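A short write-up of the structure that comes next.
The values are calculated or read from the model by the stated rules, or taken from the named source; none is laboratory data. Keep in mind that this is a model prediction, so the values were computed, not measured. All Cβ positions, even for glycine, are placed from backbone atoms using ideal geometry, and neighbour counts span all protein chains on display. Please note that ligands, DNA and RNA were not included when accessible areas were found on the heavy atoms of the full protein model with its side chains. Shrake-Rupley method; radii C 1.70, N 1.55, O 1.52, S 1.80 Å.
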Amino acid sequence: MDRCTPQQRHLRALLALGWFNSDLDTVRGRWCAYGLTSYTLLPSPTDGELRIWTNWAEGAVRWLVPGGDEWPFRIPGLRLEATDGRIWRLRHLPTQAVLTVVEGSGRGRRRPAQWVDPQWIRPTTAALTDVEADQLGAVPAMTSAASELLAALPVRMALRDPRGEWAIGGWWGDPLDRPQQRSVTQALRRLDGAGDRWELAWTGYPFPDDLAIALSHPTVGLSDTHRQRTRTGWDIHHNGAVLTLRSLE
């Protein structure tokens with residue numbers, strides 16, 4: 001699940017920074033990429049590609065790829081390389097890493113990439129803009145181990161324990177329908193840090209205990225990782241890097 005090229009790992013870490021920051025007063029929050037998690041997402045990672053199955057591919061892509069000058073948000077440097085309306089192949093210009101979004105229903109409206117309005121979804125022919133370069137330059141430096149921790153977040157969005165003890169639920173609900181409830185109105189997420197110390201704090205789902213287990217599980221967790229209970233949540237340790245998980249509820 002986590003084995004991939006350095007370029008692919010870098011892109012996944014950027015996805016985490018975009019998806020798990022919703023505060024518009026922060027730099028990554030202003031990417032406005034967090035809305036993607038309102039879709040049904042099923043990540044399928046490989047060494048050289050992250051493939052995401054979803055219920056509406058074009059809608060998901062609009063939360064990933066920046067648009068024209070009037071809409072320069074989303075994941076900086078991500079571009080549309082090709083689509084047939086159901087399968088959307090995206091490429092990250094700075095790293096050349098590939099992200100593919102697939103409509104699971106098979107009912108995507110088939111059309112060539114040149115028919116997609118570049119005002120809303122930039123193609124690979126659109127060079128990296130100065131705004132995007134500044135956005136990428138503002139990303140704090142992180143160690144390799146920290147990058148692996150952040151990259152482990154997007155690929156585990158749909159994990160669910162077959163025994164029904166924990167589930168991530170795509171960051172929008174609890175598929176196990178447990179009696180405990182968390183806020184789903186105006187959910188706040190904040191992922192920030194530098195070097196080998198990072199913190200992820202949020203309201204809503206998933207339950208912090210569930211995410212801690214998913215990241216450190218002996219079978220589906222990130223290798224060489226363990227969790228430690230803290231007064232406010234969990235510390236996830238991985239090869240010298242620490243990701244603190246904290247509930248804002």
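Number of residues in the stretch 209-226 that are buried (at least 19 other Cβ atoms within 10 Å of the Cβ) and either touching an Asp or Glu at 6+ places or on another chain (Cβ under 6 Å) or under 24 Å from Pro179 (Cβ atoms) (or both) equals 6.
With respect to the conditions (1) touching a Gly at 6+ places or on another chain (Cβ under 8 Å); (2) open to solvent by 60 Å² or more (accessible area, probe 1.4 Å); (3) in contact (Cβ under 8 Å) with a residue 60 or more places away in the chain, Asp196 falls short on a single one, namely (3).
Return yes or no: is Leu153 touching a strand residue (DSSP E or B) at 6+ places or on another chain (Cβ under 8 Å), of a type in the set (A, V, I, L, M) and either at pLDDT below 90 or open to solvent by less than 50 Å² (accessible area, probe 1.4 Å) (or both)? Yes.
Rundown of residues vs (1) outside any loop (DSSP other than H, G, I, E, B); (2) touching a Leu at 6+ places or on another chain (Cβ under 7 Å); (3) not charged (D, E, K, R), yes/no style:
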| residue | (1), (2), (3) |
| --- | --- |
| Asp2 | no, yes, no |
| Asn21 | no, yes, yes |
| Gly35 | yes, no, yes |
| Ile52 | yes, yes, yes |
| Thr95 | no, yes, yes |
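Would the stretch 168-187 turn up any residue that is closer than 19 Å to Asn21 by Cβ, surrounded by 20 or more Cβ atoms within 10 Å (Cβ to Cβ) and of a type in the set (Val, Ile, Thr)? Yes - at least one qualifying residue is present in the stretch 168-187.
Checking every residue in the stretch 192-205 against the condition of being in contact with a His (Cβ under 7 Å, 6 or more places away or on another chain) and modelled with pLDDT of 95 or more gives zero matches.
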